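All remarks here apply to the structure that follows.
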Amino acid sequence: MLSAKEAELLASLEPRAQQEGMEIVTIEIVGSRKAPTIRVYLDTPEGVTFDDIAAAQVWVNEIVEEIDPFPGAYTLEVSSPGIDRPLRTPEHFARFAGEDVYVMTAKPFDGQSRFNAQLNGFDEESGCVLIGLESGEELAIALNDVKKAHVKGKIEFN
């Protein structure tokens, strides 16, 4: 799910995030090659506040500057995972079981590579993400075949 550059940044940032009591939900590199945007999504069990993000911006910036992943210009964004929380690890898929999700796969399953479904969890034994399809069937997708996944945020107006 992560590119080699994203995985390199994740490996460099994770130890400090753990020291700070934070989890790096995911890292995305988007935009042009000449001036990409690096997005680092952070969370804690209690959620993150604006002050948490502001403090994290400092140490994330220091580490990224030291690595200098893109000589020249790039933009660094540090934020919460938001309402459409990205899913990356087995723990993420297990924790958010029961939620509605969007999953994009690297290869098609029965001619389909994009799924809006219910997340049924993660099967440790097979290493598969389990999603419930509208047909009532369950689809098991190897974690390595998941290209992108996120919780579909819900807003309720009462």
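It is to be established whether one or more residues within the stretch 137-157 are within 25 Å of Arg33 (Cβ to Cβ) and free of Cβ contacts under 8 Å to residues at least 12 places away in the same chain. The answer is no; no qualifying residue exists. Contact map, the stretch 88-112: first residue in contact (Cβ under 8 Å) with a residue 60 or more places away in the chain, second residue surrounded by 15 or more Cβ atoms within 10 Å (Cβ to Cβ), Cβ cut-off under 7 Å, separation 6 or more or different chains; pairs are Arg88/Met1; Arg88/Val25; Arg88/Thr26. Looking across Glu124, Glu66, Glu91, one residue alone is within 17 Å of the chain's Cα centre (by Cα) and within 26 Å of Gln18 (Cβ to Cβ). It is Glu91.
Put simply, of Ile24, Ile63, Ile53 the only residue that is at pLDDT 95 or above and within 23 Å of Asp145 (Cα to Cα) is Ile24. If only residues of the stretch 4-31 that are touching a residue at least 24 places away in the same chain (Cβ under 8 Å) and in contact with a Ser or Thr (Cβ under 6 Å, 6 or more places away or on another chain) are counted, the one that is surrounded by the most Cβ atoms within 10 Å (Cβ to Cβ) is Met22.
If the condition is being part of a helix (DSSP H, G or I) and polar (S, T, N, Q), then the stretch 11-50 contributes Ser12, Gln18, Gln19.
Inspect all residues belonging to the stretch 73-82 and state whether any of them is in the same structural domain as Leu9 (by TED's automatic domain parsing), among the small types (Gly, Ala, Ser), more than 19 Å from Leu10 (Cβ to Cβ) and within 18 Å of the chain's Cα centre (by Cα). Checked the stretch 73-82: no residue is in the same structural domain as Leu9 (by TED's automatic domain parsing), among the small types (Gly, Ala, Ser), more than 19 Å from Leu10 (Cβ to Cβ) and within 18 Å of the chain's Cα centre (by Cα).
Checked against the criteria, Ile53 does not count as part of a strand (DSSP E or B) and either within 24 Å of Glu6 (Cα to Cα) or basic (Lys, Arg) (or both).
The values are calculated or read from the model by the stated rules, or taken from the named source; none is laboratory data. Small disclaimer: the values here were computed from a predicted structure and weren't measured. We place every Cβ from the backbone using ideal geometry, glycine too, and count neighbours over all the protein chains shown.
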